[in-house]
Amino acid sequence: MQDGDLNVTVSMAQAIMRALAVNAAKGQHRAQRIFAEMLTATERQNKALADEWLDVAMTCKLDLDRELARREHLGITDLPEPLPHPDHVKIDLKTGRAWIAGPATKEQKAQYDLWLSRKVAFEEELEQLQIDLEANTDLKMQAVLEDEIGRTEKVLGIIRRLLPD
């Protein structure tokens with residue numbers, strides 16, 4: 001390979017960090033100290049962000065649960081469900097990890113509802129195909145129905161992974 005054959009663009013910050021890491025690995029004490037300080041600061045900032053996100057998620061979930069309970073208590077049924085829905089705010093207290101396992105915006109909710117309706121339609125179609133297969137005695141038609149059942153099950157498998165019950 002000749003010079004110019006490999007054109008790699010690296011930002012100045014990336015180049016400096018790479019050089020610092022290489023020098024630290026080679027045993028240069030100053031580079032090791034600077035690298036360790038930077039790593040510690042980064043980890044501290046990441047932990048602070050994760051803690052803040054966990055606090056926001058827990059507050060959000062509790063507030064939304066209270067709002068739904070208030071609506072139920074007052075018999076309010078004409079308001080849309082909050083986004084994200086509190087059931088979709090997942091919190092793992094062992095790891096301190098929080099995430100949203102459902103739609104969080106109106107646009108995501110529209111997509112979610114669309115795929116939920118498609119899931120129901122595919123489930124109904126699968127049920128009908130299985131009924132048709134049991135009732136049919138024509139071998140060619142049975143083969144067609146089995147192929148269609150296989151395709152429908154494959155699509156349903158994908159949708160079910162995205163939208164578990």
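Residues of region 116-165 being of a type in the set (Lys, Arg) and over 30 Å from residue 103 (Cβ atoms), which ones? Within region 116-165, 140 is the sole residue that qualifies. Condition check: modelled with pLDDT under 95, among the acidic types (Asp, Glu), closer than 25 Å to residue 164 by Cα and exposed (fewer than 14 other Cβ atoms within 10 Å of the Cβ). Does residue 113 satisfy that? Yes; evaluated as a whole, the condition is true for this residue. Filtered by the rule that a residue be over 16 Å from the mean Cα position of the chain (by Cα) and farther than 14 Å from residue 55 by Cα, region 87-107 gives 94, 106. Being among the basic types (Lys, Arg) and over 30 Å from residue 53 (Cα atoms) is a description that applies to residue 118. On the basis of being surrounded by fewer than 13 Cβ atoms within 10 Å (Cβ to Cβ) and modelled with pLDDT of 95 or more, does residue 78 make the cut? Considered against the rule, which asks whether it is surrounded by fewer than 13 Cβ atoms within 10 Å (Cβ to Cβ) and modelled with pLDDT of 95 or more, residue 78 comes out as yes.
Checking each residue in region 92-108 for being open to solvent by less than 50 Å² (accessible area, probe 1.4 Å) and free of Cβ contacts under 8 Å to residues at least 40 places away in the same chain picks out 102, 103, 104. Just one residue in the set 72, 43, 37, 125 is among the acidic types (Asp, Glu), open to solvent by 60 Å² or more (accessible area, probe 1.4 Å), at pLDDT 95 or above and within 30 Å of residue 150 (Cβ to Cβ); that residue is 125.
The values are calculated or read from the model by the stated rules, or taken from the named source; none is laboratory data. Note that the structure is a prediction, hence the values are computed from the model and not measured. Counting neighbours? That spans all protein chains shown, and the Cβs are built from the backbone with ideal geometry, glycine included. The accessibility values were calculated without ligands, DNA or RNA, using every heavy atom of the protein model including side chains. Shrake-Rupley method; radii C 1.70, N 1.55, O 1.52, S 1.80 Å.
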